[in-house]
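Heads up: the structure comes next, in structure tokens.
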Amino acid sequence: MIRFWPLERGHIVTSAYGPRWGAMHYGMDFGWPGGSAGRAVHAVQAGTVVQVGWDPDGFGWFLDIDSDDSQGSNLWVYGHIKPEVTLGDRVAAGQRIAHVNGDRTTNGGVDPHCHIEVHRWSRQPSGPGRMDPAPFLQGAAYPGAAPPPPPPPRGMDAQTLARAMGNSVSPERYAALLPAFTSAMREAGCTTIERAAMWCAQLGHESAGLRYMEEIADGSGYEGRADLGNTRPGDGRRFKGRGPIQVTGRDNYTECSRWAHGRGLVPSPTYFVDRPDELASDRYGFLGPVWYWTVARPQLNTLSDARNLDGATRAINGGTNGIADRSTRYQRCLDMGAALLPEEDDMTEEDRRMLREIHAALCKPRPSLVEGSTASLDAATFVQCTDAATYRTERMVADIKKKLEA
Ligand SMILES: [Zn+2]
């Protein structure tokens, strides 16, 4: 149920409900700066016209409009007006029902205005049954004004992601991936249509619409590849291509981990080296593309700004493999426009600065307090060392007890 102001936007309240001139004003007066005669009067609530009255000593012409409970209840009186509806008419909320009577002789000689009252249930004599209209008008709409446009959708939704990716997996799967996907877009600076479209097209091609979060081959083909830093036995399989843009090889896993830890995104500086599978997980899988997009190939956003699909493809692929599919995806994403953009997050610069400080305080390695030690420990490592020391002490105590008992 929505109520309307009796006059259009720009009106003023010329007199409120309450004591006035030694008497009680049982209504509320509305007017226009510069004169109100002839101004349209609108129904506050929907209802039925139950009286079109003439009161030579009070209002002049007036209207009583009765509303049932679904229409907001009570009876509204409009005075000092010229009616434009007739007895028995049903009126909609906000509908024009009258105009302000310009004849001062019907008005006790004051300036033309619209007087409204709200009576509990039905016509009430002067007294508490005539209520203050102001609380009823809290948040009322302006009659005649276009309804406010619906708020723009806030950020990419799962349906949009599914469309951008070509519906290659189930809607549920896209819904599950959406938060990590959009937060990665923000991290990568893909917050314009050009960049978002390039991001979606390239990730979409590389992962077949997010169907694959790691390469299908087992990675043994990379065994011994010194250019990827695969120097230890098993590195090929261990550091196979993972994430929607595949990060491959020990060196890249190492760099990506260090970068992610530096940004407070993973718990340790060797996170993906220690847990390679995590680079293909729903939670962390999109960090690979962010690292790739902003660190390994930092030209990607500039290429995106220039709509340079060929250049971006060469940066990612080394050549132009799959350029036709990439191009189809790119055009589709460009056409989707602003729907593709990730929702702004609510963090302020100050929030981010504090987060970085907290992260540094917890994770920055600190020199050992033990004299002569060259070790430097971050908080997590320190706790693990303490834990290990406690365990060793407990075991020693248990051994001593056992010997004493023997
Ligand atoms: Zn009045």
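Please treat every number below as a calculation from the coordinates, not as lab data. Quick caveat: nothing in here was measured; it's all calculated off a predicted structure. Cβ coordinates were reconstructed from backbone atoms using ideal geometry, including for glycine residues, and neighbour counts include every protein chain displayed.
Treating each Cα of the range 158-349 as one equal point scatterer and applying the Debye formula with no solvent, the log10 of I(q)/I(0) at q = 0.08, 0.19 Å⁻¹ comes out as -0.24, -1.37. Across q = 0.21 Å⁻¹, the range 20-135 modelled as identical point scatterers on its alpha-carbon atoms has Debye log10 I(q)/I(0) values of -1.21, in the order of the q list. Projecting the Cα atoms of 303, 26, 330 onto the charge dipole of the chain (Cβ charges, centred on the Cα centre) puts 303 farthest toward the positive pole.
Please find the FRET efficiency linking residue 159 to residue 387, where r is the Cβ-Cβ separation and R0 is fixed at 51 Å, and quote it to the nearest 0.05. Working shown, then result.
Working: r = 47 Å, r/R0 = 0.93.
In this case the efficiency is close to 0.60.
Scanning the chain for trypsin sites (Lys or Arg not before Pro) that sit in a DSSP loop and have at most 12 other Cβ atoms within 10 Å, the longest stretch containing none of them is 10-153.
In the frame of its principal axes, the chain has Cα extents of 107, 73, 37 Å, reported largest first. Here the Karplus relation 6.51 cos²θ - 1.76 cosθ + 1.60, evaluated at θ = phi - 60°, turns the backbone of the range 156-168 into coupling constants of 4, 10, 5, 5, 5, 4, 4, 5, 4, 8, x, 6, 7 Hz, with x for every Gly and Pro. If the viscosity is 1.002 mPa s and the temperature 20 °C, what translational diffusion coefficient in µm²/s does Stokes-Einstein give for the range 276-353 when Rh comes from Kirkwood over Cα pairs? The estimated diffusion coefficient comes to 145 µm²/s.
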